[in-house]
Every structure is written in C-alpha cells, then in structure tokens.
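Engineer: This is the structure I have questions about; it appears just below.
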Amino acid sequence: METIHINQLGQSAPREGTLVSTNGRSDNYLLPNSAAETQRLIHQAHIYGPLTRQFFAAAGITAGMKVLDVGSGAGDVALLLADMVGPRGAVIGIDKNPAILDTARARVQAMGWTNVTLLAREVHSIGLDDDFDAVVGRWILMHLPNPVGVLHRLLSHLKPGGLVAFQETDSTYPLSAFPPAPLHQQVVQWTTPPPGRGGPDLQMGSKLYRTYLDAGLPAPQLRLDAPIGGGPDWPGYAFTAETIHILLPILQQMGTTTAEEVDIETLAERLRMEVVGQRGVQMLPIVIGAWARKPSRVPSNELIDS
Ligand SMILES: C[S@@+](CC[C@H](N)C(=O)[O-])C[C@H]1O[C@@H](n2cnc3c(N)ncnc32)[C@H](O)[C@@H]1O
C-alpha cells in the first residue's frame, strides 16, 4: 500500500502527516503524477515565480552561469533560470518523475530555450559533473527524508565558491486573510494533518539555516516572501480552490473534511467573496529562501550522507 501525505496548499505537510502505510520510497513527495497536478504546479509557479526570481537575483544568479535545478517538476524554476542565465549559461534540471519532465520539456521548447536540459534522475544519484556555478531548488528539500545528506552530496557538483540557493515553504505562516475570515481558517484546518503522521516537512523553510550548517555550509543569508493580494481579480482564490480540489481525496481519507463541506464548485468564489466583501487581502503560504557559497573545504562526514 502507498504512503499518502497531505500537502498543505499542495506544497508540503508536517513530517507528522503520513496517512497510510509506508511504500519504501526514498522521499515524501506523493501528490498524484496527474495532468491536474502538473497544471496546479504551473499555476502555483505563476503566483510564486516573481518571488523566486527575486530570491535568485538576491542570491547572485547571473548571466552565463551553469545551474543545477534539483526537483524541476513542471519546469517553472528551470524556465526562470533559463532567462536569468541567458544563452551563454546553462540549466540542467533533474526530477525523478519522467512524466512531469515531459511537460517541462514541452514548455521549455515552447519558450524557445535551448540552454535547458532536463534529466530523469533521483536526487541521490544525479551522476553529473562537478563544475556547476550554482545548485538550486524550490519545494524539494521538504520532500526528502535526509535534506542535510542530500545538500552535502550536492556540494560535490559545485565549483569552489559555488552558490547554494533553496527556497522552501513554512507553515508558521499558512494561508490567511485579513480581516480574519472563517472559510480561510477552515481551509487551513482541512489541510493540517493530525499530529504524529510523518511526511514532507512543513517547517523546512525555518530549518534551512540549520540544514545548511549541518551540511557543512557557512551560515546562509535568508529572506522570507509571500504572495499577497486583494480585489476580485487576485488569482489566489482560484489557486487555493484548485489545490484543495487536487487534495480532496487525501483530505477525506484523513478525515479533516468532506466533499459536501468543501463544495469545490463554489470554493473559489466563496473565498473571493470573503476577502472582497471586507475590502481585505489574502496571503498565501510563505516561502523562505536561503543562500550560501561552497567553502574551500567541505567537511566530509559519513553520518551526514547516510
Ligand atoms: C513540489 S514539486 C516542485 C517542483 C519545482 N521545483 C517547482 O518549484 O515548481 C517537487 C518535485 O520534486 C520531485 N522530487 C521529489 N523527490 C525527488 C527525489 N528524491 N529525486 C528527484 N526528484 C524528486 C518531484 O517529482 C516533484 O516534481
């Protein structure tokens, strides 16, 4: 039987979030490999893309770099990077899911980028060169059981002084509305698994600092961003409803809500009315970014890599 984990607004779930039994997979990413999930990832990146771009710019991604994108998914980060490194640079993206890489490749081709290569690889066995200028990723470390070990091993693909830049979610600030709104609060409750369950790490964002240190990196610089908006045209209402739609079978199985309560056909509109009616704002879950440079001597540690 497969392990199923709830992802709060599709990005993550606490390590205490396992719903069923284990399937022996080497990570906690268990959202469906469906066309609908691929579409949701694309919408998600549309909203979070500008924040990720600003993060990479602050971290030091520049034209001409050779960048490794870990856990490329539908290709949104790779597409951003393709533009940032330009035709003199190169982006190599890896993901363990070949189906989603087909979507990513089609998008890269449609955009006309020739500087992006997407490879079906497990993060544990990337098997690539050691001359990357940067190793980056978004919403990937939270899905790995040993993010410290993975980060430590990824350093071997970097040139000395190479950049490490990861952006992850953190449930400390989940979906919210101002003024506080009951349906928004309910959505957070639906997507919060009962304690003691395992699964992706919902607090990976806040743990990036210590993860970098434990992996042998210097103290990283940090930034925190969140999409926020109001008014009838803000896309956050539809994105939130789309995420709940994808997650609904898992939420029902977890017992946090029912199809009747969610009423998916009207959910986006009800969220919109709750915010617009108050002339309020909706804030989507935050992302925390961390960046640091590979030191000249990376401590080797078999325990880290295990
Ligand atoms: C939440 S998605 C993020 C996709 C993309 N980085 C983005 O921000 O839009 C996580 C991706 O990581 C991939 N992934 C999870 N565990 C992995 C592993 N062990 N090795 C390689 N890819 C993995 C999944 O297949 C999925 O496409």
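Engineer: Compute the normalised compactness of the range 243-286: alpha-carbon radius of gyration over 2.2 N^0.38 Å, N being the residue count. Numbers along the way, then the final one.
Structural biologist: Numbers: Rg = 12.2 Å, N = 44, 2.2 N^0.38 = 9.3 Å.
For the range 243-286, the normalised Cα radius of gyration is 1.32.
Engineer: Taking neighbour Cβ counts within 10 Å as the exposure measure, how do TRP291, TRP113 sort from fewest upward?
Structural biologist: Ranked by crowding around the Cβ, least crowded first: TRP113, TRP291.
Engineer: Additional query: Calculate I(q)/I(0) for the range 184-306 by the Debye formula, one identical point scatterer on each C-alpha and no solvent, and give its log10 at q = 0.15, 0.16, 0.17, 0.22 Å⁻¹ to two decimals.
Structural biologist: Evaluating at q = 0.15, 0.16, 0.17, 0.22 Å⁻¹ gives log10 I(q)/I(0) of -0.84, -0.90, -0.95, -1.23.
Engineer: Same structure, new question: Can you give me the pair-distance distribution of the range 170-210, C-alpha pairs, 10 Å bins, whole percents?
Structural biologist: With 10 Å bins starting at 0, P(r) equals 25, 45, 26, 3.
Engineer: I need the trypsin sites (Lys or Arg not before Pro) found in the range 45-123, filtered to DSSP loop residues with at most 15 other beta carbons within 10 Å of theirs.
Structural biologist: Within the range 45-123, the qualifying trypsin sites (Lys or Arg not before Pro) (loop, at most 15 other Cβ atoms within 10 Å) are ARG88.
Engineer: If you take the Cα Rg of the range 87-225 and divide it by 2.2 N^0.38 Å, with N the number of residues, what do you get?
Structural biologist: 1.23
Engineer: How would VAL187, VAL298 line up from fewest to most surrounding beta-carbon atoms within 10 angstrom?
Structural biologist: VAL298, VAL187
Engineer: What is the pair-distance distribution P(r) of the range 35-294, computed from all Cα-Cα distances in 10 Å bins starting at 0, with each bin given as a whole percent?
Structural biologist: 7, 29, 34, 21, 8, 0
Throughout, read-outs are computed from the coordinates displayed, never taken from laboratory work. None of the values given here were measured: they were computed from a predicted structure. We place every Cβ from the backbone using ideal geometry, glycine too, and count neighbours over all the protein chains shown.
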